[in-house]
Amino acid sequence: MVRTVISLYLLCVFSIASAQQIEQKAIYIQFKLDKKCPEEQKFFYEKEKGTVFNLYCDKGGSFLWSSRSDTLPISKLKNYKFSTLEEIEVLEKQWRIKNKKALIKRYGKLYPPFDKNGIFKTYLVEVINDKQFVIYPVEWRGENIACSLKEVPPPPKK
Amino acid sequence: MTKTRVLNVAFTLMLFFFVSCNNEDFEKPTTAGIAKQLQDNLKLDQFTNQNLVVNWESLRKTEKDSSEIYEIEVTEKIKSEMTSKFLQKEVKYELIAVKNKDEVHSYLIEAFSNLNYETFPSTIKNLNKFAGTLNVYELNGTKIGQVVIFEGKAEDPSNNKFLSSLVSTINMFYKSNNLTNRVPACNVILNTYSVEQVWTGRYSIATLASTGQVLSIKYLGETLTSSKSTLLFSEVFPCGSSGIHEPKSATIHKIRTEAYEKTVVDDSVIIDETLEKNPCLYGVYTKLGGVDTFQKYLRKFDNKFSVLDLKISVDDRYGINHKDNLGAQAITTIPANKTINIIFNNDPNLASNIMKFPQISIATNFIHEIIHAEINRQLSTASTDTNINPTKMSDSQWKSYVNNIKNDFPQMFGYYSKYVLKTATPSDFQHQYMADKYRGVIKEALKQYDKNLHNEDYYDALSWNGLKNTAAWNKLSDTEKTKILQTIQTIYKNGTYCN
């Protein structure tokens with residue numbers, strides 16, 4: 001009886017442990033409006049039924065927020081470590097290497113190519129005034145693109 | 001007072017007399033029976049021109065010489081225009097029924113108006129200032145023949161007995177402008193010859209498969225054919241005059257016909273209005289609709305067999321809406337909400353705007369993206385719910401998905417396995433697969449689109465569009481790569497642009 005209980009306990013612990021081995025990593029990105037940017041960086045996008053946050057004016061980094069958000073006092077901002085896009089690329093590779101064995105164990109020889117939304121729990125942080133900031137759980141846009149056809153354009157017409 | 005009343009009555013009677021005389025063709029209310037018969041018999045879907053719509057409310061009835069003439073307005077949904085040295089731009093249509101005793105003859109006519117004359121006035125009752133040609137059709141779309149009209153006088157050069165009722169009906173309303181009409185007319189039968197010149201305008205019409213909705217009509221050009229035939233002409237001249245002494249010169253009938261190249265575009269492909277409103281991209285898309293290879297892939301999205309739709313749109317705010325793919329001319333999404341989206345970049349602020357490329361490159365992009373859509377469609381058939389994003393799959397869904405790809409698409413699976421599954425740094429496998437397996441398809445489609453006007457190198461260079469980061473490209477020698485890139489630059493330099 002005792003042996004059975006211990007076995008069940010160990011099985012339970014093992015299951016939880018193995019399930020926890022493949023975990024999404026929480027990352028925080030600071031969103032600041034670029035005052036020089038002539039384009040909208042934060043707008044509601046009907047087609048995707050959510051608010052788009054374009055991190056930069058002139059390069060990638062686009063996120064969709066479509067669920068609840070939290071507003072927190074500015075004093076808590078120091079508790080968050082923000083990542084840059086370059087750092088996130090490194091973190092992504094690290095995550096794949098770290099989880100390779102667990103992924104193969106769980107899914108067989110061929111493991112699924114999780115995208116950034118599978119690897120990370122991503123939060124955008126926006127300071128809205130000198131007393132508060134908002135934290136938005138977001139999804140990476142552009143992860144559902146099968147093709148992005150990029151060719152060098154012809155030179156501009158004279 | 002009495003005298004005045006008598007005069008008034010006399011004047012009223014005279015007025016009534018004149019009005020009666022002038023109103024032989026007095027219009028009476030519409031006849032429901034004829035309208036119903038016409039509605040039942042008219043098979044617009046069997047006409048080559050699928051662009052017609054009948055305004056049944058416009059039915060007009062006219063009685064003349066014991067005949068009843070019914071005329072109904074027919075218009076084009078999308079107005080087409082003629083380009084001709086002899087004919088006016090506007091082509092008009094009318095539905096006509098002629099009831100004589102118990103016989104009813106009905107026709108759908110297509111009227112071409114000669115330049116320097118009035119446009120066909122949408123009635124056959126008042127053609128005195130009209131000259132032109134009527135293409136005459138049965139109500140099931142079969143062409144009967146042509147009637148040539150000169151200042152109200154109708155002729156049937158082919159003496160087709162099925163046109164005689166229409167010709168005689170038109171001629172009932174013929175009023176000669178010649179002063180000699182005032183004296184009794186004499187007839188003479190002349191044996192003369194006629195030259196028939198047939199201008200055949202060629203059009204390409206693209207329609208949707210199920211609804212028949214016309215997507216576009218494109219004028220392709222015209223050809224002229226001439227034929228000479230001997231005809232008996234009945235010549236009218238005033239009795240007592242000298243009649244016709246001079247040898248009659250050839251009568252030239254300039255007849256206009258049309259030939260249509262019909263393209264049926266599958267309608268499970270959702271054409272967003274942003275594409276429809278872009279004449280350049282829509283023009284390329286429509287022209288591609290006539291290419292077998294392109295159509296083959298479009299058909300895969302037929303709703304009867306596929307649970308996925310393909311939506312093609314154009315984004316003028318691409319730079320804001322798709323910040324993650326700023327350098328792309330087009331993107332294809334994986335299925336979401338049972339739809340695969342192809343989005344073209346038409347952002348005027350971006351150098352990557354598709355409109356800054358020549359038309360042949362745009363066609364290449366369409367073909368390239370449609371192949372991605374097809375690969376995605378195939379992958380979605382391996383999934384239990386069309387989702388192909390592993391991040392959004394359960395463990396069991398994922399295992400089933402991979403097994404299904406392996407079994408159903410073994411060749412594709414090889415690429416998926418190599419570039420996605422067996423590596424900690426997965427990369428785009430679709431372009432690798434396309435570079436090896438689909439470049440031939442791309443070239444073939446381009447040749448059909450371009451009517452093979454260029455050499456093999458031209459199409460080969462274009463087929464590498466979007467595939468230059470692949471193993472297949474890297475296998476090429478530097479000389480080969482340089483040659484391809486130079487060919488592309490030449491295409492960019494000499495190609496036809498929309499703007």
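No value in this document is a laboratory result; all are computed from the given coordinates. Predicted, not measured: the structure shown is a model, and the values here were computed from it. Methodologically, a virtual Cβ is constructed for each residue, glycine included, from the backbone with ideal geometry; neighbour enumeration extends over all protein chains shown.
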Inset, instruction - Grab the beta carbon distance between A:Q24 and B:N55, set R0 = 56 Å, and tell me the FRET efficiency rounded to 0.05. - result: 0.35
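Averaged over B:477-483, how many beta carbons belonging to a partner chain fall within 10 Å of each residue's beta carbon?
0
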Inset, instruction - Can you grab the distance from the C-alpha centre of segment B:138-153 to the C-alpha centre of segment A:72-128, Å, no decimals? - result: 74 Å
Inset, instruction - Sort the following peptides by mean Cβ neighbour count (other Cβ atoms within 10 Å, averaged over residues), highest first: B:67-75, A:120-128. - result: B:67-75, A:120-128
Inset, instruction - List, in order, the whole-Hz ³J(HN,Hα) value for each residue of segment B:438-446 obtained from phi through the Karplus relation with A = 6.51, B = -1.76, C = 1.60 and θ = phi - 60°; use x for Gly and Pro. - result: 10, 5, x, 5, 4, 4, 4, 5, 5
Legend entry - segment B:266-494, dipole about Cα centre (Lys/Arg Cβ +1, Asp/Glu Cβ -1), debye to the nearest 20: 440 debye
Legend entry - Zone residues, segment B:125-152, relative to B:N159, backbone N less than 18 Å from point 7 Å out along Cα-to-Cβ: B:145-148
Legend entry - Residues whose placed amide H lies under 5 Å from that of A:Q132, excluding near-sequence neighbours: A:I74
Legend entry - Net charge of neighbours whose Cβ lies under 11 Å from the Cβ of B:I72, counting Lys and Arg as +1 and Asp and Glu as -1: -2
Inset, instruction - Per residue, how big is the convex hull around the C-alpha atoms of segment B:266-494? Give it to me in cubic angstrom, could you? - result: 135 Å³
Inset, instruction - Measure off 7 Å from each Cα along the Cα-to-Cβ vector at B:K338 and B:Q411, then give the distance between these two points in nanometres to one decimal. - result: 3.0 nm
Inset, instruction - For segment B:386-458, take the alpha-carbon Rg, divide it by the Kirkwood Rh, and send me Rg/Rh. - result: 1.15
Legend entry - Within-13-Å neighbourhood charge of B:Q432 [Cβ basis; K, R +1; D, E -1]: +3
Legend entry - Theoretical ellipticity at 222 nm over chain A - DSSP helices of four or more residues, -39500 (n - 2.57) apiece, nearest 500: -10000 deg cm²/dmol
Legend entry - Over chain A: Kirkwood hydrodynamic radius from C-alpha pairwise inverse distances, Å: 19.0 Å
Inset, instruction - Evaluate peptide B:312-320: per residue, the Cβ atoms of other protein chains within 10 Å of its Cβ; return the mean as an integer. - result: 2
Inset, instruction - Post the alpha-carbon centroid distance, segment B:267-281 to segment B:457-499, in whole angstrom. - result: 28 Å
Inset, instruction - Please work out the FRET efficiency for the pair A:D130 and A:L33, using the Cβ-Cβ distance as r and a Förster radius of 22 Å; give the result to the nearest 0.05. - result: 0.90
Legend entry - Shielding score for B:387-399, defined as the mean number of other chain Cβ atoms within 10 Å: 4
Legend entry - Peptides ranked, highest mean first, by Cβ atoms within 10 Å: ranges B:338-346, B:446-454: B:338-346, B:446-454
Inset, instruction - With +1 on each Lys and Arg Cβ and -1 on each Asp and Glu Cβ, and nothing else charged, work out how big the dipole of segment B:283-393 is about its Cα centre, in Debye to the nearest 20. - result: 160 debye
Inset, instruction - Just order B:413-426, B:33-46 by mean Cβ neighbour count inside 10 Å, highest at the front, would you? - result: B:413-426, B:33-46
Inset, instruction - Beyond 19 Å between alpha-carbons counts as too far, so tell me which of B:K43/B:K277; A:K35/B:K323; B:K77/B:K300; B:K443/B:K481; A:K25/A:K101 fall in that bin. - result: B:K43/B:K277; B:K77/B:K300
